[in-house]
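Reading through the structure tokens given below for one structure.
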Ligand code: SPV
Ligand code: MG
């Protein structure tokens, strides 16, 4: 686990922001993916608007309401101890909405929020960026100030995301806005670019120097070596949507295979086990050494990704080492032998 015991998530995030080395945070979009990010060793989570929208099956266009986002990140917060930076889109309204948002985020132990200088309902930055209007700069400064006034924890952070490059404006406008947002109280700047090369963000960082921490999202300029970001002194890199995208690819493949083959044989070894591996080992060891000792309940597993059933404490332990250790759902052995080749479809009865 990468979280620092005893430090609030707001302090952990502030430490990342101000750290003198390049830090990385990774996208999550629900409690499970948040847990996966933490288990991988990341020190922080990006609660991506794009990914949260996509897992609801809606566009990244404020079609999911802000309270639905709030509910989602509450699950993420409950499932983890590392800080969460919420992609707060445009702040879901005006300065009043921003104040309410900050209060609700603090109540849910969210460490920070990032708001972007475009209009509600927001449009994803990779869709016709130069057709997207920007927010009035002064109004956006008011939103930042209102947010800073509303926070009760001094370490809660507000990141101002500058969309000047996305919307077809140049470096001068990006710098003008970033400076205004810094003076309004933003704790850091996220400079976004949709180019396939890092030219815009590097030019920005060179001019900006170290006025305040700068965060980047290299989704489009992904081929840039990470050392380039390090050498230019960026604060945090966000891997913004890659867990969602990898899960989409995996789910599509599994669904197609199941549809085609109508059995689980070529799937089982390629998906996460129903019982966490550490639990399976413990259960197997216990059943071999002391068959009469009930297997401990590994549900909920303290650290791992418990996406399966809740514990059934009355369930009997596996009575034979040969019994299927990977299925906590039923104690009735349905695999006749270890060999998959002797698997008999005829022996399996459908549930009534
Ligand atoms: C998100 O992850 O929702 C973002 C980053 O805002 S991006 O989609 O790259 O604009
Ligand atoms: Mg977003």
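The values are calculated or read from the model by the stated rules, or taken from the named source; none is laboratory data. Note that the structure is predicted; figures quoted are calculated from it, not measured. Counting neighbours? That spans all protein chains shown, and the Cβs are built from the backbone with ideal geometry, glycine included.
Of the residues making up segment 229-246, those that are over 12 Å from the mean Cα position of the chain (by Cα) and surrounded by fewer than 18 Cβ atoms within 10 Å (Cβ to Cβ) are 230, 231, 232, 233, 246.
In segment 207-220, the count of residues that are touching a strand residue (DSSP E or B) at 6+ places or on another chain (Cβ under 9 Å), under 30 Å from residue 40 (Cβ atoms) and more than 16 Å from ligand 1 (Cβ to nearest atom) is one or more.
Just to be sure, is residue 211 closer than 17 Å to residue 18 by Cβ, assigned by TED's automatic domain parsing to the domain that holds residue 124, assigned to a loop (DSSP other than H, G, I, E, B) and more than 15 Å from ligand 2 (Cβ to nearest atom)? So residue 211 passes the test. The residues of segment 155-169 that are on the phi < 0 side of the Ramachandran plot and more than 24 Å from the chain's Cα centre (by Cα), listed by number, are 164, 165, 167, 169. The residues of segment 103-118 that are more than 15 Å from ligand 1 (Cβ to nearest atom) and part of a loop (DSSP other than H, G, I, E, B), listed by number, are 108, 109, 110, 111.
Confirm whether residue 149 is in a helix (DSSP H, G or I) and at pLDDT below 95. Criteria not met by residue 149.
You will find that of 47, 54, the residue that is within 12 Å of ligand 2 (Cβ to nearest atom) and surrounded by fewer than 20 Cβ atoms within 10 Å (Cβ to Cβ) is 54 and no other.
Any residue at all in segment 120-127 that's in contact (Cβ under 8 Å) with a residue 12 or more places away in the chain, over 21 Å from residue 66 (Cα atoms) and part of a loop (DSSP other than H, G, I, E, B)? Yes; the residues of segment 120-127 include at least one that is in contact (Cβ under 8 Å) with a residue 12 or more places away in the chain, over 21 Å from residue 66 (Cα atoms) and part of a loop (DSSP other than H, G, I, E, B). Cβ-Cβ contacts under 7 Å between residues 6 or more apart (or on different chains), taken from a first residue in segment 39-61 that is free of Cβ contacts under 8 Å to residues at least 60 places away in the same chain and farther than 20 Å from residue 216 by Cα to a second residue that is near ligand 1 (Cβ under 9 Å from one of its atoms) and in a loop (DSSP other than H, G, I, E, B), are listed as 53/60.
Is it the case that segment 75-85 has a residue that's more than 12 Å from ligand 2 (Cβ to nearest atom) and exposed (fewer than 15 other Cβ atoms within 10 Å of the Cβ)? Yes, segment 75-85 has at least one match. In segment 62-75, the residues that are assigned by TED's automatic domain parsing to the domain that holds residue 118 reach residues that are modelled with pLDDT of 95 or more and part of a helix (DSSP H, G or I) with C-beta atoms within less than 6 angstrom, at least six apart or across chains, in these pairs: 64/53; 64/56; 69/52; 70/104; 72/52; 75/31. Highlighted here are the helices (runs of 4 or more DSSP H) found entirely within segment 226-303 that include at least 2 residues which are modelled with pLDDT under 95, more than 16 Å from ligand 2 (Cβ to nearest atom) and not assigned by TED's automatic domain parsing to the domain that holds residue 44: 277-289. Here the helices (runs of 4 or more DSSP H) wholly within segment 15-99 that include at least 2 residues being away from ligand 1 (no atom under 13 Å from the Cβ) and within 26 Å of residue 230 (Cα to Cα) are 31-39.
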